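Visitor: Pasting a structure below so you can have a look.
Bear in mind that the values in this text are calculations on the coordinates, not laboratory data. Quick caveat, the model's predicted, so the values are computed rather than measured. Don't worry about glycine lacking a Cβ; one is built from the backbone with ideal geometry, like all the others, and counts go over all protein chains shown.
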Amino acid sequence: MGFKRHIPNILTGLRLALIPVFVLLFFQVSPIWALGVFVLACWTDLLDGWLARKWNVISNFGKLFDPLADKFMQLTALVCLVIRGWLPLWCLCFLLAKESLMVVGGWFFLKKYRFVVSSNLLGKVASVVIDVAVGALFLTPILSPWDLILLYVGMVLTVLAMVNYSITNFRKVKHENQDPDGPAPDDRPADPAAPRS
């Protein structure tokens, strides 16, 4: 496989590196140029996941940092939109609180149960909806109020994804903690050949 196995993680790193470029363009050049960087970042998010699955090079680094890179870009864009006055502050606070809970939850499972949790299908759908909504917010003079309505839909989906994420991973922990050798000795049927007292 060679160098190929590192390409998805390189794309994840590239997405993180695009965040300061996005901020610089948003405030110093034009929000439209920043929107182009945001779209590029979203494209790399889709590409690195597709390549990782195609080449079967899914790694713990990718599981952890791919969604983090996506969320950092999303939240950075939302902060910029709030500063510009195109997004209500409470939307940013809501999404920031939710992402903070997700990070704490992921760290909890990693430290306590030694496995890296990955995003679920509902979470990926919610992330795509929010990405599209953020892109629409750059065109808020034209698309208002539909841009905010789309964002609200994404916020509802992301909460549902968080609930599903928690249930799924706690079930996984419960399953892995079950005794694979069967019931405990006290719960096993008595051996008929054993001497009786």
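Visitor: I need the calculated FRET efficiency for the pair S100 and V57, taking r as the beta carbon distance and R₀ as 35 Å, to the nearest 0.05.
Guide: 0.75
Visitor: Report the extension gain between N120 and I167 in nm, rounded to one decimal, defined as 0.36 nm multiplied by the number of residues separating them, less their alpha carbon distance.
Guide: 15.8 nm
Visitor: Starting from the Cα of K174, draw a straight line to each of the lysines and keep only those under 29 Å, dropping any in the same chain fewer than 8 residues away.
Guide: Of all the lysines, those that pass the test against K174 - Cα under 29 Å, at least 8 places apart if same chain - are K63, K71, K98, K111, K112, K124.
Visitor: OK, next. Sort L18, L40 by Cβ crowding within 10 Å, fewest neighbours at the top.
Guide: Ordered from fewest to most neighbouring Cβ atoms within 10 Å, L18, L40 come out as L40, L18.
Visitor: Give the peptides 130-139, 76-85, 28-37 in descending order of average Cβ contacts within 10 Å, highest first.
Guide: By packing density, highest mean first, the sequence is 130-139, 76-85, 28-37.
Visitor: Right, next: Once you keep just the Cα pairs under 8 angstrom separated by 6 or more residues, what percentage relative contact order results for segment 1-127?
Guide: 26 percent
Visitor: Order of 7-14, 88-95 by packing, highest average Cβ count within 10 Å first?
Guide: 7-14, 88-95
Visitor: Which whole-number percent gives the relative contact order of segment 1-54, counting Cα pairs below 8 Å spaced six or more residues apart?
Guide: The value is 47 percent.
Visitor: Also, I was wondering about something else. Can you give the FRET efficiency to the nearest 0.05 for L40 and K174, using r as the Cβ-Cβ distance and R₀ = 45 Å?
Guide: Efficiency, rounded to the nearest 0.05: 0.65.
Visitor: In addition: Suppose the chain between W90 and L110 were pulled fully straight at 0.36 nm per residue; how much longer would it get relative to their current alpha carbon spacing?
Guide: Computed gain between W90 and L110 is 4.2 nm.
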